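In what follows, a single structure is set out as structure tokens and then discussed.
We did not get these values from a lab; they are worked out from the coordinates using the rules stated. Values in this document were obtained by computation on a predicted structure and should not be read as measured data. All Cβ positions, glycine included, derive from the backbone under ideal geometry; neighbour counts span all protein chains shown.
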Amino acid sequence: MTNIYVGNLSFDVSDAGLQEAFAAFGAVDKANVVTDRMTGRSRGFGFVEMGNDEEAAAAIEGLNGTELGGRTITVNVAKPRADRPRGGGGGGGGGGGRRW
């Protein structure tokens, strides 16, 4: 099974629209547009799971850089969460000690 990342999605693309685009290349097990928890609005990316690795590779090759919903999408193999670099930030605070 291949998990595929789809970026730069139009906010109008639904799970069904994403599945339809990938179904042209083979069987789609699952298509999910990621939405914001607070607003329910698309966050502009999603994931597609395809059971056949050859069909998934064909979909990545065939759809990367093409237009879907009026925007040029980015399509590649999704990286597992553990492999992604963690965002910086955090830390800070401290200071404010007394001067004698």
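Miscellaneous remarks
- Whichever residue in the stretch 42-67 is outside any helix (DSSP H, G or I) and either in contact (Cβ under 8 Å) with a residue 60 or more places away in the chain or among the β-branched types (Val, Ile, Thr) (or both) and, among such residues, is surrounded by the most Cβ atoms within 10 Å (Cβ to Cβ): 48
- Residues in the stretch 33-69 that are among the charged types (D, E, K, R) and more than 14 Å from residue 2 (Cβ to Cβ): 36, 37, 41, 43, 67.
- The residues of the stretch 15-29 that are surrounded by 14 or more Cβ atoms within 10 Å (Cβ to Cβ) and either under 13 Å from the mean Cα position of the chain (by Cα) or part of a helix (DSSP H, G or I) (or both), listed by number, are 15, 17, 18, 19, 20, 21, 22, 23.
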